[in-house]
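This report refers to the structure that appears directly beneath it.
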Amino acid sequence: MQGYLSIILHAHLPFVRHPEHEKFLEESWLFEAVAETYVPLLQVMEGWRRDGMETRLTLTLTPTLCSMLLDPLLQDRCVRRLNELIELTEKEIHRTHWDKPFNELALMYHRRFTAIRDTYLGCGRNLVAAFGQFQEQGRLEIITSAATHALLPLLAPHPQSLRAQILVARDHYRSCFGCDPRGIWLPECAYVEGVESVLQEANIRWFITDTHGILHANPQPRYGVFAPLFTPNGIAAFGRDLDFDYVKPHLPAPDQRGFTGIKYYRITGEAPDKQVYDRRAALQAAADHAQHFLEARLGQIRHLAGILDRPPLVLSPYDAELFGHWWYEGPEFLDYFVRKAYFDQKTFVLLTPGEYLREHPTNQIARPAASSWGEEGYWRVWLNESNAWIYPHLRFAQERMTELARRYPDPKPLQQRALKQAARELLLAQASDWPFILRTGTSPEYARKRVKNHLLRFIALHEQLTSTRVDEPWLGRVEQQDNLFPEVDYRYWV
């Protein structure tokens with residue numbers, strides 16, 4: 001054994017739940033991710049366990065995603081969506097009866113969606129608990145992220161808000177998995193000095209940051225990104241490998257993505273003549289890519305082992321949704337790669353960052369540089385001309401939240417409900433997803449509406465708690481809609 005490889009998948013979606021509508025377009029983000037990424041990943045991991053493979057994988061399950069995966073209303077709607085997909089494939093099987101290539105694809109999709117539904121129902125619709133079982137068995141390390149995936153450097157001027165994002169996430173992880181998280185995926189891999197002090201308070205031992213956050217650390221890192229650094233207070237910082245973008249050439253462009261769940265044609269660019277999707281050829285291509293990726297990692301680790309005086313660690317982090325949602329054969333690629341790495345080589349060992357720290361408890365002390373994995377390596381995606389209007393309103397609300405937390409050290413029951421809801425609305429308004437969507441232009445009206453609605457609800461709650469009285473019927477409706485983090489502690493903003 002000459003080195004280590006750590007694969008980290010970051011599963012995150014913004015909190016989208018609309019009980020006031022029978023169907024809501026943006027809720028489909030969750031249903032598509034469940035059908036195309038999360039359940040297929042669970043199936044792949046079940047295969048590894050069935051075959052006696054002692055595999056290691058790291059998975060972020062963000063607090064907002066866990067909240068949605070555990071929500072009975074969204075679980076019901078997810079089952080409805082899977083049933084609709086199966087019904088659609090049954091109609092397609094009948095429609096394409098005399099067109100063999102398309103009929104074979106319709107049959108394949110019917111088998112696939114039926115298996116996905118069976119897996120989902122088989123775990124009691126509780127994917128959080130299903131992944132948690134793998135963690136209990138030592139095959140998976142589940143890590144957290146900030147409560148609503150807020151860009152933490154932009155909260156740094158208001159330390160109470162930064163603290164609340166981390167501590168609420170810690171508490172929620174504890175309620176989901178019965179233990180505290182040891183690692184965290186900083187939202188957008190965005191780091192700024194001061195984050196680690198809150199991580200220390202939450203007893204989180206390591207985090208992931210971008211490549212240049214490690215390479216530009218002070219003092220200069222002896223091993224580059226191929227070993228973690230300890231910040232001055234002892235929290236480990238892991239930097240992503242420079243070859244992170246390897247899989248991107250195999251992904252279709254976002255605007256080439258459909259929404260039916262059934263794909264009959266290959267991605268062939270802008271050519272007018274489309275070729276029928278060949279599942280066998282696609283799986284062979286995924287296997288070839290897995291072999292190529294393995295050979296590249298073997299060459300990289302052998303080279304590094306020859307020039308470093310300790311076994312190198314290669315950290316490969318990806319958005320989980322790349323595997324299945326954006327790259328349809330992504331789960332199979334991951335399956336092929338892990339099997340090849342497990343059975344066909346002895347150069348590196350798959351492990352989690354937490355395991356690495358247990359095996360190598362001594363590391364260089366340095367302070368990472370401010371960084372993110374966004375455009376130009378900093379915060380430009382989340383702070384620019386399309387979304388800068390958000391932040392003055394957030395600053396106002398953040399200061400008012402601290403004022404409320406200090407004003408009510410011992411609130412009455414109704415006041416406590418209002419304070420907790422004010423905390424939820426502020427957390428939801430802070431999500432990095434909304435400025436990101438405004439920047440990319442994918443669903444800008446929805447993102448703009450979400451920010452404004454959460455801020456307006458916060459302002460109304462602040463006014464009721466300071467000037468008038470709490471409107472209990474209205475509060476009940478808001479609690480029913482924005483119902484994540486039922487035990488949120490508003491005192492974290494003190």
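Observations
- Within segment 34-68, the set of residues being open to solvent by 10 Å² or more (accessible area, probe 1.4 Å), under 19 Å from ALA341 (Cα atoms) and in a helix (DSSP H, G or I) comprises LEU41, GLN43, VAL44, GLU46, ARG49, ARG50.
- One residue stands out in segment 185-230 among those that are touching a strand residue (DSSP E or B) at 6+ places or on another chain (Cβ under 6 Å) and among the β-branched types (Val, Ile, Thr): the one that is surrounded by the fewest Cβ atoms within 10 Å (Cβ to Cβ), namely THR211.
- Top-ranked residue in segment 77-108 [being in contact (Cβ under 8 Å) with a residue 24 or more places away in the chain and either under 26 Å from the mean Cα position of the chain (by Cα) or not in a helix (DSSP H, G or I) (or both); ranked as surrounded by the most Cβ atoms within 10 Å (Cβ to Cβ)]: CYS78
- Residue within segment 475-485 that is more than 19 Å from PRO409 (Cβ to Cβ), open to solvent by 40 Å² or more (accessible area, probe 1.4 Å) and not in a helix (DSSP H, G or I) present: yes
- Residue in segment 451-480 that is nearest to ARG400 (Cα to Cα), counting only those that are touching a residue at least 60 places away in the same chain (Cβ under 8 Å), touching a helix residue (DSSP H, G or I) at 6+ places or on another chain (Cβ under 9 Å) and not hydrophobic (A, V, I, L, M, F, W, C): HIS462
- Filter result (in a helix (DSSP H, G or I) and closer than 25 Å to PRO392 by Cα) within segment 465-474: LEU465, THR466
- When PRO409 is tested against (1) over 30 Å from ARG491 (Cα atoms); (2) open to solvent by 50 Å² or more (accessible area, probe 1.4 Å), only condition (1) is not met.
- Test for LEU74: is it in contact (Cβ under 8 Å) with a residue 12 or more places away in the chain, over 18 Å from ALA341 (Cβ atoms) and surrounded by 18 or more Cβ atoms within 10 Å (Cβ to Cβ): yes
- HIS462 part of a helix (DSSP H, G or I) and open to solvent by 30 Å² or more (accessible area, probe 1.4 Å): yes
- Restricting attention to segment 440-452 and to residues that are in a helix (DSSP H, G or I) and in contact with a Leu (Cβ under 9 Å, 6 or more places away or on another chain), the residue that is farthest from TYR490 (Cα to Cα) turns out to be PRO444.
- Residue within segment 161-175 that is at pLDDT 95 or above and in contact with a His (Cβ under 6 Å, 6 or more places away or on another chain) present: no
- Residue ID - surrounded by the most Cβ atoms within 10 Å (Cβ to Cβ), chosen from residues in segment 133-155 that are touching a residue at least 24 places away in the same chain (Cβ under 8 Å) and of a type in the set (S, T, N, Q): SER145
- Taken together, GLU376, GLU332 contain a single residue that is modelled with pLDDT under 90, open to solvent by 10 Å² or more (accessible area, probe 1.4 Å) and not in a loop (DSSP other than H, G, I, E, B), which is GLU376.
- Single residue of segment 156-172 satisfying the filter (open to solvent by less than 10 Å² (accessible area, probe 1.4 Å) and in contact (Cβ under 8 Å) with a residue 40 or more places away in the chain) that is farthest from the chain's Cα centre (by Cα): SER161
- Residue pairs meeting the criteria (Cβ under 7 Å; at least 6 apart or on separate chains; first under 14 Å from GLY239 (Cβ atoms), in segment 365-377; second open to solvent by 50 Å² or more (accessible area, probe 1.4 Å) and of a type in the set (S, T, N, Q)): ALA366/ASN218; ARG367/ASN218
- Residue match in segment 433-444 (condition: buried (at least 18 other Cβ atoms within 10 Å of the Cβ), within 21 Å of LEU65 (Cβ to Cβ) and of a type in the set (Ser, Thr, Tyr)): no
- Residue, least open to solvent (accessible area, probe 1.4 Å), within segment 244-272, restricted to residues that are charged (D, E, K, R) and at pLDDT below 70: ARG257
The values are calculated or read from the model by the stated rules, or taken from the named source; none is laboratory data. Source: prediction; values computed, not measured. Note: ideal-geometry Cβ built from the backbone for every residue, glycine included; neighbour counts use all protein chains shown. With ligands, DNA and RNA removed, areas are computed over all heavy atoms of the protein, side chains included. Shrake-Rupley method; radii C 1.70, N 1.55, O 1.52, S 1.80 Å.
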